[in-house]
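Here is the structure we will look at.
The values are calculated or read from the model by the stated rules, or taken from the named source; none is laboratory data. These figures come from a predicted structure and were not determined experimentally. Backbone-built Cβ (ideal geometry, glycine too); neighbour counts: all protein chains shown.
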């Protein structure tokens, strides 16, 4: 009985390890965030295994059943639409329950969007804090106030339709001249990293609506 957390490519299907492919081929069941998305990856590598949807809307409901199957000797591999399970994606709840029940858990190394974004942003990477997505409503003001005093480099995820608004708010709280980088569609055909002040980036993306997955890297307070 074992649960493997398997990072999946964040864009380019070639960004998966040999070991990850072998684990997926040998698993009894593959848990995936969206079966349609994961099927593209699995088909590319000739992997044919039973798929079980596992996402934020059903993870509480099926948790006990999954643990029972693992205790019965099944081997599960968990993948998400992109990146490493548990990093702003489903995975932590099942991981914690497996640990409670003495089920072996192994996380393979692999793709996660914020690492290449941080490195290629040109903003200091020796000390950083990853905050995932900003709260949409409750706690947003508190979080932005806290980030304004953060001296380490700050990494955030953001959706394209909320990016311009988030950049404007960050400019208000952290300062219009704070340096930042917006990394978009990493490893994909239209990959882009745009650097500038928060005010400059806010103005750009207000005039040019972005598409795709976005990582925002912001310099810490000096």
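Here is how the numbers come out for the structure above:
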{"quantity": "Of all residues making up the range 92-127, the number that are touching a strand residue (DSSP E or B) at 6+ places or on another chain (Cβ under 9 Å) and touching a residue at least 40 places away in the same chain (Cβ under 8 Å)", "calculated": "23"}
{"quantity": "Single unsatisfied condition, residue 161 versus (1) more than 22 Å from residue 222 (Cα to Cα); (2) in contact (Cβ under 8 Å) with a residue 40 or more places away in the chain; (3) touching a helix residue (DSSP H, G or I) at 6+ places or on another chain (Cβ under 9 Å)", "calculated": "(3)"}
{"quantity": "Any pair with Cβ under 9 angstrom, 6 or more apart, that starts in the range 30-53 at a residue that is on the phi < 0 side of the Ramachandran plot and assigned by TED's automatic domain parsing to the domain that holds residue 90 and ends at one that is surrounded by fewer than 12 Cβ atoms within 10 Å (Cβ to Cβ) and modelled with pLDDT of 95 or more", "calculated": "30/50; 42/48"}
{"quantity": "Cross-chain or 6+ apart pairs with Cβ under 8 Å, the range 5-19 first and in contact (Cβ under 8 Å) with a residue 40 or more places away in the chain, then surrounded by fewer than 19 Cβ atoms within 10 Å (Cβ to Cβ) and in a helix (DSSP H, G or I)", "calculated": "5/95"}
{"quantity": "Residue that is nearest to the chain's Cα centre (by Cα) [pool: residues in the range 132-149 that are in a loop (DSSP other than H, G, I, E, B) and surrounded by fewer than 17 Cβ atoms within 10 Å (Cβ to Cβ)]", "calculated": "135"}
